[in-house]
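See below for the structure under consideration.
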Amino acid sequence: MKVVNGFQVIEMLEQFAPKKYAMEGDPIGLLIGTLNKKVSTVLTALDVLENVVDEAIEKKADLIIAHHPIIFRPLKRIVLDEPGGKLIEKLIKHDIAVYAAHTNLDVAKGGVNDMLAEALKLKNTSVLVPTYEEKIKKLAVFVPVDQADQVLKALGEAGAGFIGEYSHCSFSTKGTGRFLPGNEATPFIGEKGKMEEVPEIKIETIYPESVERRVVSAMLNAHPYEEPAYDLYPLSLKGEELGLGRIGEVAKEMTLREFADHVKEALDVDGVRVIGDPADTVRKVAVLGGDGNKYFHHAKRKGADVYVTGDFYYHTGHDAMNIGLNIVDPGHHVEKVMKKGLADVLGQRARELGYDVNFIPSEPGTDPFTFV
């Protein structure tokens, strides 16, 4: 197993939920500490409160990856006699770094909103509020005929060649490669100072721009040449649409009352607030983790029978009633699904890379509200 540092851990995270997915002004990234250190234990948390920090200390965590930024607004001062200052002091004294993945983790494919949709058992899901369109690019690389298969395999495993439900898509043409190795070269084929002609295959494949670094790295590692020749092209193709929230269908039609009970069980909450007639039929469901007040019109326009989101405002509730949209509000804290979900995603990726690092979902509750 490979010993890793904080930068390598965050590289895995940002391949899953790139920073560019985040909404403008969202304070994501490293907020406290350093990544320039060995990391063997990572705690995934919804919030960074004192009970979570104490847990991190007890479990000897080197890094906390949190969904909600511990520093959401710019700090004007850090006073150690105040709760916020004490928390930051404790983190620094125990050398625990804090990294926030907020709206980028909401938007990411497989991120918080997909985790919520999966917990609710929604089918045929799609993006509720588009915020980002993935750019598509093409890679063309020239490979000796005998090594073409190993390069093709590496490209496919790195995420290139996906078209709809098909993977490992590519096109190849045969040709002749020519080169003259210099005095300091160590050619895989040919001799220094002698012009060489080699039967080669040109491999062309497409990939989403977000995985470009991984795709190019995989190609270079699999390629036999000391100096591979390759081209990268931007394309005008429409890429995958990403965004906030998801909309899908329940497996079986139910009443709003039945659906509210389903939400309570699926998202592990003691109660929910409901707007609408309990007898209304629920087939199509929109869900958006956190505070989704500003997006309820998106849910209505896309034909949702009910919109599941947190922190719904009183007067916005009237607006939802006026347009005939049912609401189920299980609270902001249901985003806790990301704790185990993210730990599982990053843990699996670490095992694939042979990284010696453990990801632990935080256990203490951080919901400030209690149903009585």
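Some observations on this one:
- Expressed to the nearest 5 percent, the antiparallel share of DSSP beta bridges inside region 1-149 is 35 percent.
- Lys/Arg +1, Asp/Glu -1 at C-beta; region 243-299 dipole; positive extreme among Val274, Met254, Gly290: Gly290
- Surface composition of the chain: carbon plus sulfur atoms hold 51% of the accessible area, using a 1.4 angstrom probe and ignoring ligands, DNA and RNA.
- Of all aspartates and glutamates in the structure, those lying under 12 Å Cα to Cα from Lys121, and not within fewer than 8 positions of it along the same chain, are Glu249, Glu265.
- Listed peptides 143-152, 282-291 by packing density, highest first (mean Cβ within 10 Å): 282-291, 143-152
- Set of aspartates and glutamates near Lys86 by C-alpha distance (under 13 Å), chain-local residues within fewer than 8 positions excluded: Glu50, Asp54
- Cα-centre dipole for the chain with unit charges at Cβ (Lys and Arg positive, Asp and Glu negative), debye to 20: 360 debye
- Cross-link reach is defined here as a Cα-Cα straight distance under 13 Å, omitting same-chain residues fewer than 8 places apart; for Lys37 the aspartates and glutamates meeting it are Asp62, Asp95.
- 20 °C / 1.002 mPa s Stokes-Einstein diffusion coefficient of the chain, Kirkwood radius on C-alpha pairs, µm²/s: 92 µm²/s
- Surface accessible to a 1.4 Å probe, Arg178 within the full protein complex, Å²: 150 Å²
- Remark: for residue pairs Lys109/Lys153; Lys135/Lys339; Lys109/Lys340; Lys19/Lys137; Lys153/Lys339; Lys20/Lys59, the C-alpha separation exceeds 26 Å in Lys135/Lys339; Lys153/Lys339; Lys20/Lys59.
- Computing FRET efficiency as 1/(1 + (r/R0)^6) for Tyr230 and Glu11, where r is the C-beta to C-beta distance and R0 is 30 Å, gives about 0.85.
- Gain on full stretching of the segment that runs from Tyr313 to Asp356 - 0.36 nm per residue minus C-alpha separation: 11.0 nm
- Between Lys86 and Ile189, full extension at 0.36 nm per residue minus the direct alpha carbon distance yields a gain of 30.8 nm.
- Looking at the chain, the accessible area is 53 square angstrom per residue; that uses a 1.4 Å probe and ignores ligands, DNA and RNA.
- The chain, helix-only ellipticity at 222 nm - DSSP H runs n ≥ 4, -39,500 (n - 2.57), divided by all residues, nearest 500: -8500 deg cm²/dmol
- Spin-label proximity, Arg301 to region 23-62 - amide N less than 20 Å from point 7 Å beyond Cα toward beta carbon: 23-24
- Net lengthening on full extension, Lys93/Asp367 (0.36 nm per residue, minus Cα-Cα): 96.0 nm
- Once the mean of 1/r is taken over each pair of separate Cα atoms and inverted, region 61-165 shows a Kirkwood hydrodynamic radius of 18.8 Å.
- Positive-end extreme of charge dipole, region 133-240 - chosen from Ser236, His168, Ala185 (charges on Cβ): Ser236
- Restricting region 319-372 to chymotrypsin sites (Phe, Trp or Tyr not before Pro) in coil, as DSSP defines it, with at most 12 other Cβ within 10 Å: Phe369, Phe371
The values are calculated or read from the model by the stated rules, or taken from the named source; none is laboratory data. This is a predicted model, so every value here is computed, not measured. For neighbour counting, all protein chains shown are included, and Cβ atoms are generated from backbone atoms with ideal geometry for every residue, glycine included. Note: accessible area is taken over every heavy atom of the protein model, side chains too, but ligands, DNA and RNA are not part of it. Shrake-Rupley method; radii C 1.70, N 1.55, O 1.52, S 1.80 Å.
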